[in-house]
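Heads up, the thing below is written out as structure tokens.
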Amino acid sequence: MIQVDANPDLLPQFQPVRAIDFGFQDEYVLEVATNSQYAIASASDQLIRLYDLSTLQLATTLKSQEKTINKIKVYNDQYLLSASADGTLIRWDLRTAQPVQTFRHDKPITAFDVNCNDTMVVMGTGDFDLYGCPDILFYDTRQTQLLSRFEESHNDDVTEIKCHPHLPSHLITSSADGLVNYYDVTDFDEQEALISVVNAESAVQKAGFFGPDCEYVYSLTGNETFLLHTLEGDLICNYGDVRQLDSSIGYAIDCSYDMETQRFYLITGNIEGDVQLLHVNVGHVQHCQTLKAPGGHSDIVRAFHWSHRTQSILTGGEDGRMCAWQANL
């Protein structure tokens with residue numbers, strides 16, 4: 001039995017400080033990210049927009065990919081990487097808003113990450129119905145050359161790739177096949193590289209490392225289940241369906257780990273556009289606060305970025321709206 005209670009004093013209260021409406025009719029915000037200068041949003045119109053972080057005024061628009069932008073990530077504050085269903089992964093220099101590196105494949109790129117010392121990009125593919133079993137691709141970032149390809153690790157779309165924050169050859173992948181795989185790719189032998197496998201028993205939507213040494217893994221599934229495991233694949237806690245934790249929860253968005261406080265959070269949402277911040281311990285979940293209108297969203301929120309260092313949050317929703325939230329410190 002999971003213990004659920006409230007702890008409204010654990011976090012400072014977040015308030016909406018700025019918001020913009022994209023003016024979309026049928027388009028919506030897919031992903032959001034930030035660096036020290038920009039709030040960044042990718043939308044379902046294949047555009048990436050850079051906004052001044054302090055004013056949310058549009059600074060510039062990035063357009064180079066012809067199909068849906070599936071993932072964006074900021075790397076080392078200077079670079080933005082964007083992966084597209086057109087099979088490209090582009091590295092943009094945010095100082096010039098220009099592409100500086102392009103990785104190409106013949107399948108849609110659905111997930112990617114860059115390792116901690118920027119020597120390797122890892123990409124995963126999707127669209128199983130058209131292209132069959134997915135690839136996991138390893139590229140040398142210095143030469144933009146393919147290092148290796150894994151073809152037997154998953155049998156459905158790759159949904160997440162996370163490189164370990166401290167170990168350059170270690171990473172996890174997750175898939176719609178329900179598996180979360182942990183690898184050490186020092187030698188790029190697909191069978192030997194696989195250290196552990198977690199079967200979440202449902203399509204995995206989100207997965208990632210957490211813990212003081214990033215020694216644990218979380219996974220969130222399409223059935224809205226939430227699980228924690230060790231890197232060796234041992235179950236720490238199965239929280240079940242997150243919708244059973246509180247009647248206001250409609251779905252899971254993602255998780256976030258604060259390295260400074262060593263606290264781990266589950267972020268959830270509902271169809272009204274509310275976003276719940278939940279503190280997670282083993283067998284225990286605490287509702288901290290809810291981000292909600294006025295000033296927030298009126299529809300499902302899928303895009304979420306939490307900067308624990310600046311105590312700021314950026315959200316993007318299916319209402320075509322991006323909101324900036326700031327903690328009252």
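The values are calculated or read from the model by the stated rules, or taken from the named source; none is laboratory data. On a predicted model such as this, the values are computed, not experimentally measured, just so you know. Note: ideal-geometry Cβ built from the backbone for every residue, glycine included; neighbour counts use all protein chains shown. Quick note on the areas: whole protein, heavy atoms, side chains included, nothing else; ligands and nucleic acids left out. Shrake-Rupley method; radii C 1.70, N 1.55, O 1.52, S 1.80 Å.
Could you check how much of the accessible area of the range 175-329 is carbon and sulfur, as a whole percent, using a 1.4 Å probe? Result for the range 175-329: 43 percent of the exposed heavy-atom area is carbon or sulfur. In whole Å, what is the distance between the alpha-carbon centres of the range 181-251 and the range 74-124? About 24 Å separates the Cα centre of the range 181-251 from the one of the range 74-124. Sequence-distant contacts, meaning Cα pairs under 8 Å at least 6 residues apart, place the relative contact order of the range 1-126 at 13 percent. Any idea what the relative contact order of the range 1-64 is, in percent, if you count C-alpha pairs under 8 Å spaced at least 6 apart? Taking the mean separation of contacting Cα pairs over the length of the range 1-64, I get 20 percent. Using a probe of 1.4 angstrom and keeping all protein chains present, the accessible surface of the range 198-302 works out to 40 square angstrom per residue. Rounded to whole numbers, the Karplus 3J(HN,Hα) couplings from phi for the range 10-19 are 5, 10, x, 6, 8, 10, x, 10, 8, 8 Hz, using 6.51 cos²θ - 1.76 cosθ + 1.60 with θ = phi - 60°, and x at Gly and Pro. Cys163 sits with roughly 10 Å² accessible to a 1.4 Å probe, with DNA, RNA and ligands left out of the calculation. Rg and Dmax, both from the Cα atoms of the range 194-329 and both in Å, are 14.8, 47. Charge tally for Leu245 (other residues, Cβ to Cβ under 11 Å; Lys, Arg +1; Asp, Glu -1): -3.
Ala59 sits among other residues whose Cβ lies under 11 Å from its own Cβ, and their net charge, with Lys and Arg +1 and Asp and Glu -1, is 0.
Surface composition of the range 8-165: carbon plus sulfur atoms hold 41% of the accessible area, using a 1.4 angstrom probe and ignoring ligands, DNA and RNA. Helical content alone sets the calculated 222 nm signal of the chain at -500 deg cm²/dmol, taking -39,500 (n - 2.57) per DSSP H segment of four or more residues and averaging over every residue.
Here the contact order of the chain, divided by its residue count and restricted to Cα pairs under 8 Å and six or more residues apart, works out to 17 percent. Note down the net charge around Tyr257, summing +1 for each Lys or Arg and -1 for each Asp or Glu among other residues with Cβ under 12 Å from its Cβ. Surrounding charge for Tyr257 is -3.
Surface exposure of the range 110-186, expressed per residue as accessible area with a 1.4 Å probe, stands at 37 Å². When GluC sites (Glu not before Pro) are flagged only if DSSP places them in a loop and at most 13 other Cβ atoms lie within 10 Å, the longest unflagged stretch of the chain comes out as 67-150. Can you pull out the trypsin sites (Lys or Arg not before Pro) in the range 127-199 that DSSP calls coil and that have at most 14 other Cβ atoms within 10 Å? Passing both the DSSP loop test and the Cβ count: Arg142. Backbone phi angles across the range 79-84, fed through the Karplus curve with coefficients 6.51, -1.76 and 1.60 (θ = phi - 60°), yield HN-Hα couplings of 10, 10, 10, 10, 10, 10 Hz in residue order; Gly and Pro are listed as x.
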